[in-house]
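The values are calculated or read from the model by the stated rules, or taken from the named source; none is laboratory data. The shown structure was predicted, so the numbers you read here are calculated from the model rather than taken from an experiment. So basically every Cβ, Gly included, is an ideal-geometry build from the backbone, and we count neighbours across all protein chains shown. For accessibility, only protein heavy atoms count, side chains too; no ligands or nucleic acids. Shrake-Rupley method; radii C 1.70, N 1.55, O 1.52, S 1.80 Å.
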Amino acid sequence: MARIWLLNGPNLNLLGVREPAVYGRATLADCEALARARAGALGATLDFRQSNHEGVLVDWIQAARDGADALILNAGAYTHTSVAIHDALKAFEGPVIELHLSNPHAREPFRHRSFVGPVARGVIAGFGAQGYALAVDAAAGLLGG
Ligand code: CA2
């Protein structure tokens, strides 16, 4: 069974509460439900987590070396700043998928740079909560599921 981990970074716990024009009305629990439904349909297991702390995300990415076959990461604002997350992802041997609700390239210039992109197989961005299901699809596909 393909083991997929989907990690979420800072402020994503606030989804659905504020900024619906940018991120939509879905909560992170809604995103999780979409991802879980897709994983279930594809016969994959899904570990879904969120943290506001960079070091916790780094610890989880390191733990994924043993626990996950593929990693999906919405690193939130750390996407644009974190060399530590970039370095941790480099040590993960399976496919990494960069995920965003919004399309950062259509937003402020400071969101155009990604430290995740250079170590990702692909990027899913701009499809809102539906992107969570698309990312699981992509990860399972890369693992042959
Ligand atoms: O579009 C995405 O998924 C982002 O990763 C979301 C991050 C943002 O910093 C990235 O540039 C793109 C922000 C996370 C959510 O932040 C919220 C803040 C207030 C209310 C609701 C969500």
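Structure summary
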| read-out | value |
| --- | --- |
| Scope the range 46-59; condition open to solvent by 50 Å² or more (accessible area, probe 1.4 Å) and within 16 Å of residue 97 (Cβ to Cβ); matching residues | 49 |
| Criterion violated by residue 37 - all others in (1) among the hydrophobic types (A, V, I, L, M, F, W, C); (2) exposed (fewer than 15 other Cβ atoms within 10 Å of the Cβ); (3) within 16 Å of the ligand (Cβ to nearest atom) satisfied | (3) |
| Condition check for residue 68: under 19 Å from residue 138 (Cβ atoms) and open to solvent by 60 Å² or more (accessible area, probe 1.4 Å) | no |
| Subset of the range 79-94 [open to solvent by less than 20 Å² (accessible area, probe 1.4 Å) and over 11 Å from residue 115 (Cβ atoms)] | 92 |
| Residue among 49, 113, 65 that alone is of a type in the set (D, E, K, R) and either in contact (Cβ under 8 Å) with a residue 60 or more places away in the chain or closer than 19 Å to residue 14 by Cα (or both) | 49 |
| Number of the condition not met by residue 127 [criteria: (1) open to solvent by 20 Å² or more (accessible area, probe 1.4 Å); (2) closer than 20 Å to residue 60 by Cα; (3) of a type in the set (Phe, Trp, Tyr)] | (2) |
| Of residues in the range 1-26 being part of a helix (DSSP H, G or I) and surrounded by fewer than 18 Cβ atoms within 10 Å (Cβ to Cβ), the one farthest from the ligand (Cβ to nearest atom) | 21 |
| In the range 90-110, the residues that are touching a residue at least 40 places away in the same chain (Cβ under 8 Å) and touching a Phe, Trp or Tyr at 6+ places or on another chain (Cβ under 9 Å) | 99, 101, 102 |
| The listed residue being open to solvent by less than 50 Å² (accessible area, probe 1.4 Å), touching a residue at least 24 places away in the same chain (Cβ under 8 Å) and within 16 Å of the ligand (Cβ to nearest atom), out of 76, 43 | 76 |
